[in-house]
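A short reminder: the numbers here are calculations on the coordinates, not readings from a lab. Predicted model only: the values in this text are computed from it and were never measured. Here Cβ is always computed from backbone atoms with ideal geometry, including for glycine, and neighbour counts include all displayed protein chains.
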């Protein structure tokens, strides 16, 4: 019998439906869930609609880390709602200021070998400590909280075999940027990236979390590292030694693919605008002017990252051409760098220290100047995500970011003439859980607080017998959920779908909402990898509310495709990708007997372009369970029935 990978061991221990065969649907038991306020408000409205009195997951945590700028009542009202609904349904509540969900969760709640489902696409960060951690839409998380399994296509497993040891000035960010350079933003679709080989033993836990976090940019289902001696020491230092168990792949484990990376050969890398896979060595871009540098996000805001940044800046001053911001990932990180003097080094050098939250990574503050270049230790650099449409955003390690901040141009940190700061893992982390509120023993006494920005979702009708509508918009490849439903200043309307709908496709076509109203909804046509990026379910929920019936694309990103199904939008793939070029915005598309075709599980369905008088084939991209959900009009209807 062949040995097993880490992924297969965890999946098999949690399997409740299906078989571990890549491409087939499986259902697994979920041990932990997490939400954040940008997606969590709607997730809890959906959980309330199910009528379940209390979370049935082993542990559920609600974080507030996204909508922190309170320039009106909306965000503050959402936070009050989230705190009250957490108390009502047995959920731990991490208060505003306690930190970014993925940083705090690994510090205080993560457990090797357990499954974690989060309403944030960077939930795979937990894979850095041997969890099977996956991002999903808020509705999927609400369903898991209700005690149901999480269903998804069983991924294939790719081994990323690491050898050698990282040289000074090269870190985990450079590993994942190298993978993105090789595989692209859709190279991980349908895969779990499992890390192994002798190089793993040399990789600090902070670097493991960075790599696992940005595996989401590959389109991977998740990324997983072993739970080994370094993991044990990390949990010991966090005061949670009982959480540790060893998890390793069997020596004879088999994989569908293997990627070899020699850590000795890596050099500082950087992603150019406007995609995380547009990667080149930093040396290739040296001398490019920089106006802003941002260090932080759930990718690179750890104690280890900020200690290195502070050590590099000690006794130096940020270039007068650059605005430098630093964001601690959690209150724990902020307190520790404050106590050991690193915070003073950052401030003395001219850094602007931001709140322990997502902040500029999601376009919530610190928008760059017009036409500026911004170098960031973040995970995404999609056009317009920073809040400035014509800014050029680059992604790099904290070390490269600091080098750019000092010199005012893109610079290789190896050329600064600074001795590399070795930062050992602390023997003990500062531990203060006063900002995490546990659920009360008497939830029936809790009253849920709702402000005027909390708008209930309502209900959607079951799928009609036939499908007919005009093409509302035709978009290209790699359209992100930021393109569909932008973040930044629109985040505060996540719990108010009618208001948020005014932002739909704002970055591509501001007339989309008006056209959708005038045409009574319709269809969306797209190229490859439609819906990549964030897990935000609003990119499916809001179009459904606006009357979108189906999306016809060359291919879909995993989470977004699941979100379309969850809200009763039919995902269809062109049987012949060349047909995409013929369909135009405004064309009327009809699929007669669409409901019957879905019920019968047809592989190819005939669609008619009534405007052009031509027929073409489309494939309903649905599992057996997915067909039932779409026919019911969405997951809420399906669960209720």
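Using alpha carbon centroids, what distance separates segment 367-432 and segment 568-599, in Å? Between the Cα centres of segment 367-432 and segment 568-599 lies a distance of 43 Å. Take every DSSP beta bridge with both residues inside the chain and express the antiparallel ones as a percent of the total, to the nearest 5. Percent antiparallel among DSSP bridges in the chain is about 35.
For the chain, the longest principal axis of the alpha carbon atoms and the long axis of helix 205-214 meet at an angle near 30°. When each of 388, 35 is scored by the number of other beta-carbon atoms lying within 10 Å, the sequence from fewest to most is 388, 35. Counted over segment 78-227, the DSSP beta bridges are approximately 5% antiparallel.
Measuring nothing but how far apart in sequence close Cα pairs (under 8 Å, 6+ apart) lie, relative to its length, the chain scores a relative contact order of 14 percent.
At a threshold of 8 angstrom on Cα-Cα distance, excluding pairs fewer than six apart, so keeping six or more, what relative contact order does segment 379-537 reach in percent? The value is 24 percent. Reducing segment 289-341 and segment 87-120 to their Cα centroids gives an inter-centroid distance of 24 Å.
Taking square-rooted eigenvalues a ≥ b ≥ c of the alpha carbon gyration tensor, is segment 36-153 rounded, prolate or oblate, where a/c under 1.5 means rounded and, failing that, a/b exceeding b/c means prolate? Judged from the Cα gyration tensor, segment 36-153 comes out oblate (a/c at least 1.5, b/c at or above a/b).
If you count the DSSP beta bridges with both ends in segment 269-412, what percent of them are antiparallel, to the nearest 5? Taking every DSSP beta bridge with both residues in segment 269-412, the antiparallel ones total about 30 percent. When a/c reaches 1.5 or more, the comparison of a/b and b/c decides; with that in mind, is segment 126-266 rounded, prolate or oblate per its Cα gyration tensor? Because a/c hits 1.5 or more and a/b fails to exceed b/c, segment 126-266 counts as oblate.
Per-residue Cβ neighbour counts within 10 Å put 454, 308, 21 in the sequence 21, 454, 308, beginning with the fewest. Between segment 213-231 and segment 234-273, the alpha-carbon centres lie 7 Å apart. Taking the fewest neighbouring Cβ atoms within 10 Å as the starting point, the ordered list for 189, 446 is 446, 189. Using the Cα coordinates of the chain, the gyration tensor eigenvalues translate into equivalent-ellipsoid semi-axes of 37, 27, 26 Å, sorted from longest to shortest. The angle between the Cα long axis of helix 303-313 and the longest principal axis of the Cα atoms of the chain comes to about 50 degrees, rounded to the nearest 10. The helix-only estimate of mean residue ellipticity at 222 nm for the chain, built from DSSP H runs of length n ≥ 4 each weighted as -39500 (n - 2.57), is -8000 deg cm²/dmol after division by the residue total.
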